[in-house]
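Since the structure comes first, as structure tokens, the remarks are kept for the end.
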Amino acid sequence: GYMDGNNVYVTNSANRGTVHTLDITDQNDIKDASTAANVGGIVGKIDRSKTDDLKDEDGKIDVTKAAVSNSYNTGDVRGYTAIGGIVGMMYNGEIAGSYNLGNIMSTRISAGGTIPLNMGGIVGDTNSSARAYLYDVYNKGQIGDETYTYKGRHVGGIAGRLSGTIEKAYNAGEIYNAAAVTGGIVGYMSAGKINNVFNTGNITVVHNDGADVG
């Protein structure tokens, strides 16, 4: 659930079960447990003071030096905010050599505007002061709801909101959303860079009455 510190690691791991906050049965009476943040297929939240260089002595990337490496998720992941196929939220840290096949979905319906959600195939959100690093990752899971009932801003095939670097990555999952700020790789990028990536998943955004288009 929570990786706290610079010397904690998850490697060679997998999840196949559904991960979710408490389901919302009444959008007019949302329980606190339904609004819990940071929902991930492998880790809910990574909290590190720094992001390490993954290069070995020969200058090659060593994925095993990452906070999360050689891991995958095939279970569905759904939640209220900061939702990711591998990690929900990152305060620095690294994800390498990992992938998601599970469907990623918001539980949020809003007729009067959509609060930023931050949802991605690999990571949902990275803190704006962080410099997270995602290397050799991919997503093939569907992101969003094809009926456009559930929605949220900052939705991306790899990262919902990014402050950091994505390198050697791709998204092949379909993306559906009923609010703006949606992208094949990143929904919203506050800082950093993106190298050697591509998207093949169809992206469909439908603005119904009351949807936040900002």
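The values are calculated or read from the model by the stated rules, or taken from the named source; none is laboratory data. All figures in this text were calculated on a predicted structure; none of them were measured in a lab. Glycine also receives a Cβ, built like all others from the backbone with ideal geometry; neighbour counts cover every protein chain displayed. For the accessible areas, the whole protein counts, side chains as well, though only heavy atoms, and no ligand, DNA or RNA atoms are used. Shrake-Rupley method; radii C 1.70, N 1.55, O 1.52, S 1.80 Å.
The selection criterion, being within 23 Å of Tyr133 (Cα to Cα), surrounded by fewer than 21 Cβ atoms within 10 Å (Cβ to Cβ) and among the β-branched types (Val, Ile, Thr), does not hold for Ile30. The single residue among Val186, Val181 that is open to solvent by less than 60 Å² (accessible area, probe 1.4 Å), out of contact with any Leu (no Cβ under 9 Å at 6 or more places or on another chain) and either under 26 Å from Asp62 (Cβ atoms) or at pLDDT below 95 (or both) turns out to be Val181.
Screening Tyr148 with (1) of a type in the set (Ser, Thr, Tyr); (2) touching a Gly at 6+ places or on another chain (Cβ under 9 Å); (3) open to solvent by less than 60 Å² (accessible area, probe 1.4 Å) gives one miss only, at (2).
What strands (runs of 3 or more DSSP E), lying completely within segment 112-205, carry at least 2 residues that are closer than 24 Å to Lys55 by Cβ?
123-126, 132-139, 159-171, 186-199
Entry remark, segment 54-68: residues being assigned to a loop (DSSP other than H, G, I, E, B), among the aliphatic types (A, V, I, L, M) and at pLDDT below 95 number 1 in total. Checking Phe198 against (1) over 16 Å from the mean Cα position of the chain (by Cα); (2) open to solvent by 20 Å² or more (accessible area, probe 1.4 Å); (3) at pLDDT below 95, only one condition comes out false. Which one? The failed condition is (3). Candidates in segment 69-85 are the residues that are under 15 Å from Ile24 (Cβ atoms) and part of a strand (DSSP E or B); of these, the one that is most open to solvent (accessible area, probe 1.4 Å) is Arg78.
Scanning segment 33-53 for residues that are in a loop (DSSP other than H, G, I, E, B), acidic (Asp, Glu) and either open to solvent by 50 Å² or more (accessible area, probe 1.4 Å) or modelled with pLDDT of 95 or more (or both) turns up just one, Asp53.
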